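The values are calculated or read from the model by the stated rules, or taken from the named source; none is laboratory data. Computed from a prediction, not measured in an experiment: that's the story for all the values here. Counting neighbours? That spans all protein chains shown, and the Cβs are built from the backbone with ideal geometry, glycine included.
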Amino acid sequence: MKVALITGITGQDGAYLAEFLLKKGYFVHGLKRRSSSFNTDRIDHLYQDQHEQGVKMKLHYGDLTDSTNLIRIIQETQPDEIYNLAAMSHVHVSFEMPEYTANADGIGTLRLLEAIRILGMEKKTKIYQASTSELYGLVQAVPQSESTPFYPRSPYAVAKMYGYWITVNYREAYKMYACNGILFNHESPLRGETFVTRKITRAACKIALGLQNCLYLGNLSAQRDWGHAKDYIEAMWLILQQEQPEDYVIATGITTTVRDFVKMSFAELGIEVEFSGKDEHERGVIIDVDQEMVAKLGLNDANLKPGTVVVQVDEKYFRPTEVDLLLGDPTKANTKLGWKPKYDLPALVQDMIQSDLHLMKKDEYLKEGGFKTLNYFE
Ligand code: NDP
Ligand code: GDR
């Protein structure tokens, strides 16, 4: 039985990858951070009581900023494959926490690679490094491929740039099977709530149910190459199953603005939104509402009137330096890995809206039923 260790198992990608590897018959070890409240929501359905027979998944407390802890976990678990997905992964937040981001995302990668070397496991353990299209940053050329120069534009991207090159260096210096997946943005119903796609799908559903009035966003003109996380975790696995360790771009090859993602999300709920105005004065306004859809989806049309402003710009979401355009060229992954995404953008939006509508309806039913959260401080 192959053994995998996933750092960042409690995140979006970690959850999908854990499920995928378990289905493939792997024993899956996961690194989870100690938290004062539960942080395993995304993998609770995979949890196995350690007292049962035939357990195939085990979680270990750990942190990428703690070398001794990483060395011990790798020694105890003896993984064939390590997927380094743990990171402070929010670009905007990295401007607030640049030093921590460098430590976790940059030096954290070094700590893992060094742990493998210290333990003499260079020949046994393959390692996948979660690199990112943020490395391309300020546009040098499009579409962006494995040979496009990097120009990182945030503390996050600079830290990931260190992670990228230290992975290449350990591959070349110590003949380790260490690879970078340069993944473009990938989303899902499990996406963190403060990334733009999930923020949009959640807000669109809340507005459609009468639980929120307006969605505040930053740069509406940013363009991203968005795919579905379910497709992208498969690419991670494929990257570690090749004869030679190499780096790969994983992307769809199509780019879309944040503005269009908003329109697509509302359209999925039967609400047509158009944008007008410029820069920080730009607004998204309801143009039309499909009443059949409103009835079919059980929406609340009290606030869904043409002319209602549902999106506004708030400058606090602008970044000190922005990445304007990401568009990946996945030719190498298509040809060498045989990787092709199953989801296109409309299917991704549909999946996220369906899931968030379901979640928000739960809130609506509770509110209608008079349910109030207990106030522990009264
Ligand atoms: P998430 O933010 O959803 O998950 C990040 C994971 O890392 C969580 O499990 C988090 O734990 C954990 N983590 C954060 N800091 C530490 C630390 N210091 N030590 C140990 N664990 C830590 O990210 P995604 O799943 O979206 O992304 C996975 C990886 O891929 C990340 O490295 C990200 O930077 C990279 N990436 C993501 C892309 C995307 O579009 N999603 C694209 C390209 C790269 P906790 O749950 O406790 O917060
Ligand atoms: P990104 O994702 O920075 O590309 O990093 P995010 O969804 O945060 O932003 C995408 C684009 O949308 C613009 N934007 C907003 N973003 C957020 N979060 N909130 C807003 O209100 C908002 N309004 C506009 C942003 O300015 C940006 O241009 C993600 C992360 O998963 C990284 O870890 C990963 O490496 C890259 O994708 C590839």
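The sole residue among Ala302, Ala347 that is closer than 13 Å to Ile207 by Cβ and part of a helix (DSSP H, G or I) is Ala302.
Figure legend. Inter-residue proximity from the stretch 48-69: first residues under 18 Å from Ala87 (Cβ atoms), second residues aromatic (Phe, Trp, Tyr) and within 16 Å of ligand 2 (Cβ to nearest atom), beta-carbon distance below 9 Å, spacing 6+ or different chains. Indicated pairs: Thr65/Tyr100.
Working carefully through the options Tyr164, Tyr170, find the one that is part of a helix (DSSP H, G or I), away from ligand 1 (no atom under 14 Å from the Cβ) and in the same structural domain as Leu59 (by TED's automatic domain parsing).
Values: Tyr164 fails: away from ligand 1 (no atom under 14 Å from the Cβ).
So the residue among Tyr164, Tyr170 that is part of a helix (DSSP H, G or I), away from ligand 1 (no atom under 14 Å from the Cβ) and in the same structural domain as Leu59 (by TED's automatic domain parsing) is Tyr170.
Filtering the stretch 204-254 to residues that are part of a strand (DSSP E or B) and under 30 Å from Glu368 (Cα atoms) leaves Leu215, Tyr216, Leu217. Would you call Arg34 basic (Lys, Arg) and either outside any helix (DSSP H, G or I) or in contact with a Lys or Arg (Cβ under 6 Å, 6 or more places away or on another chain) (or both)? Considered against the rule, which asks whether it is basic (Lys, Arg) and either outside any helix (DSSP H, G or I) or in contact with a Lys or Arg (Cβ under 6 Å, 6 or more places away or on another chain) (or both), Arg34 comes out as yes.
Only one residue in Glu81, Glu134 is touching a helix residue (DSSP H, G or I) at 6+ places or on another chain (Cβ under 9 Å), away from ligand 1 (no atom under 13 Å from the Cβ) and in contact (Cβ under 8 Å) with a residue 12 or more places away in the chain, so which one is that? Even if it seems obvious, please write down each step before you answer.
Values: Glu134 fails: away from ligand 1 (no atom under 13 Å from the Cβ).
From the options Glu81, Glu134, the qualifying one is Glu81.
May I ask you to list the residues in the stretch 230-280 that are out of contact with any strand residue (DSSP E or B) (no Cβ under 7 Å at 6 or more places or on another chain), within 16 Å of ligand 2 (Cβ to nearest atom) and without any contact (Cβ under 8 Å) to a residue 40 or more places away in the chain? Asp260, Lys278, Asp279 - these are the residues of the stretch 230-280 that are out of contact with any strand residue (DSSP E or B) (no Cβ under 7 Å at 6 or more places or on another chain), within 16 Å of ligand 2 (Cβ to nearest atom) and without any contact (Cβ under 8 Å) to a residue 40 or more places away in the chain.
If you take the residues of the stretch 173-194 that are of a type outside the set (A, V, I, L, M, F, W, C) and assigned to a strand (DSSP E or B), which of them is surrounded by the fewest Cβ atoms within 10 Å (Cβ to Cβ)? Spell out how you get there, then give the answer.
Our first condition is that a residue be of a type outside the set (A, V, I, L, M, F, W, C); within the stretch 173-194, this holds for 174-175, 177, 180-181, 185-189, 191-194.
Those left that are additionally assigned to a strand (DSSP E or B): 180-181, 186-187.
On the way: Asn180: 27, Gly181: 24, His186: 27, Glu187: 27.
For the stretch 173-194, the residue satisfying everything is Gly181.
Residue-by-condition table, conditions (1) more than 20 Å from Asp231 (Cβ to Cβ); (2) surrounded by fewer than 12 Cβ atoms within 10 Å (Cβ to Cβ):
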position	(1), (2)
Leu297	yes, no
Asn300	yes, no
Leu304	yes, no
Gly328	no, no
Thr335	no, yes
Trp339	no, no
Met352	no, no
Thr373	yes, yes
Tyr376	yes, yes
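The numbered conditions (1) crowded, with 20+ Cβ neighbours inside 10 Å; (2) more than 16 Å from ligand 2 (Cβ to nearest atom); (3) part of a helix (DSSP H, G or I) are all true for Pro79 except (3).
Out of the stretch 265-277, which residues are surrounded by fewer than 20 Cβ atoms within 10 Å (Cβ to Cβ) and either within 16 Å of ligand 1 (Cβ to nearest atom) or not in a loop (DSSP other than H, G, I, E, B) (or both)?
Of the residues in the stretch 265-277, the ones surrounded by fewer than 20 Cβ atoms within 10 Å (Cβ to Cβ) are 267, 272, 274-277.
Ala267, Glu272, Glu274, Phe275, Ser276, listed by residue number.
Among the residues of the stretch 47-55, some residue qualifies, meaning at least one is within 20 Å of Ala15 (Cα to Cα) and in contact with a Gly (Cβ under 9 Å, 6 or more places away or on another chain). Determine if the stretch 326-344 includes at least one residue that is within 23 Å of Val273 (Cα to Cα) and more than 16 Å from ligand 1 (Cβ to nearest atom). Yes, some residue in the stretch 326-344 is within 23 Å of Val273 (Cα to Cα) and more than 16 Å from ligand 1 (Cβ to nearest atom).
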